[in-house]
Amino acid sequence: MKSMTGFGSSQVKNSHLGIDVNIRAINGRFFEPKFHLPREYFMFESEVRTTLAKYFQRGTIDIYISRKLTDSLIENLDENLVKEFHQLGKKLAKIIGTDFKPSVELFLKNHDSLKKKDISVKTSLEKKLLLEAVEQACQNCLKEREREGSALEKNLLQILKELNKKVKIIEGHQPEIRQELHKKMTARLDTRMKEWKSDIQLDPDKLYQEVLFVLDRMDIDEEITRLCEHLKQFEALLKSDGSVGKKLDFYTQELLRETNTIGSKQNVQESTKTVVEMKTWIERLKEQVQNIE
């Protein structure tokens, strides 16, 4: 199991070029890469996306790539461009009728424009170097996501343990609750019968069926069974491989739905307190699940 948050970086270089890659992954419903590339690498965005998709299935993935030529300024200076720049200055000065007085500072301010033409980006070697750097950063980020995922799994398993305890508490109270409900309904019927006129005749069998109907509506055996099954499936998913975040989120919704149904069916003190505690644990579960890929 992997978390959706993580960070990874890499640095690769050869004799002329250095490439730095930084990847920051955060929560997201879908796979959403965001590219921060130098203009020289715009043409490689598709290949970078393909590499990212090998490692990430969900989440917002910010990838920052910087490119730096490792040649010295002197080695990378184009002497012909310097001469052309000097001739251009003289020509402009002649047009406007003034003297041209070049200075070293003038050339230093414009040294970026006087570099040799960069043709290395067009080579397959640089593309290979770039994708190698992206691959390494992805692997480092993946290790971080797996480490956080392991910690999340332990936390979620502890929450599941608490929820299973609460389900058993509710289940254990059922005989007592049914008996109490039966007493309350019997007492209420006796009171109403005394309030009615003595000449009213009631069919005991029909009355018994009505009482059973009401009690059946308060029965939560099915909800408890579904809760236990959902908890088993949740735990199985935690121990499985692949992207399970969406499935886990679905099960948290089902757990909350069954718990709410129990609370509405049995609004008695024995159940209400436990139901509230269960909902608190499920909310914690749901919050943690949002971090899982």
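The values are calculated or read from the model by the stated rules, or taken from the named source; none is laboratory data. What you see is a predicted model; the values in this text were computed from it and never measured. Here the Cβ positions follow ideal geometry from the backbone for every residue, glycine too, while neighbour counts run over all protein chains shown. Protein only, heavy atoms only, side chains kept; ligands, DNA and RNA dropped before computing areas. Shrake-Rupley method; radii C 1.70, N 1.55, O 1.52, S 1.80 Å.
Residue pairs whose Cβ atoms lie under 9 Å apart, separated by 6 or more positions or on different chains, with the first residue in region 43-64 and surrounded by fewer than 14 Cβ atoms within 10 Å (Cβ to Cβ) and the second modelled with pLDDT under 95 and aromatic (F, W, Y), are A53/F31.
Within region 77-94, residues that are over 24 Å from H16 (Cβ atoms) sit with their Cβ atoms under 6 Å from residues that are aromatic (F, W, Y) and at pLDDT below 75, at 6+ positions apart or across chains, in these pairs: G89/F100; K90/F100; A93/F100. Considering region 13-42, and only residues there that are touching a residue at least 60 places away in the same chain (Cβ under 8 Å) and open to solvent by less than 40 Å² (accessible area, probe 1.4 Å), the residue that is farthest from D241 (Cα to Cα) turns out to be L17.
Flag: K183 does not match the condition of being surrounded by 11 or more Cβ atoms within 10 Å (Cβ to Cβ), over 30 Å from Y55 (Cα atoms), at pLDDT 70 or above and out of contact with any Gly (no Cβ under 6 Å at 6 or more places or on another chain).
Taking the condition loosely packed, with under 14 Cβ neighbours inside 10 Å, more than 20 Å from N140 (Cβ to Cβ) and modelled with pLDDT under 70, does E84 pass? Taking the combined requirement at face value, the residue does not satisfy it. Considering each residue of region 257-279 in turn, at least one proves to be among the basic types (K, R) and closer than 19 Å to Q158 by Cα.
Give the number of residues within region 142-159 that are open to solvent by less than 50 Å² (accessible area, probe 1.4 Å) and out of contact with any Phe, Trp or Tyr (no Cβ under 6 Å at 6 or more places or on another chain). So the answer is 5.
Pairing residues of region 237-249 that are within 17 Å of F31 (Cβ to Cβ) with residues that are of a type outside the set (S, T, N, Q) and not in a loop (DSSP other than H, G, I, E, B), at Cβ distances under 7 Å and at least 6 apart in sequence or on separate chains, gives V244/L237; V244/I292; G245/V289; G245/I292; K247/L237; D249/V289. Candidates in region 238-274 are the residues that are of a type in the set (V, I, T) and not in a loop (DSSP other than H, G, I, E, B); of these, the one that is surrounded by the most Cβ atoms within 10 Å (Cβ to Cβ) is T259. For region 17-31, check the following and say yes or no: at least one residue is at pLDDT below 90 and under 15 Å from Y64 (Cα atoms). Within region 17-31, one or more residues are at pLDDT below 90 and under 15 Å from Y64 (Cα atoms).
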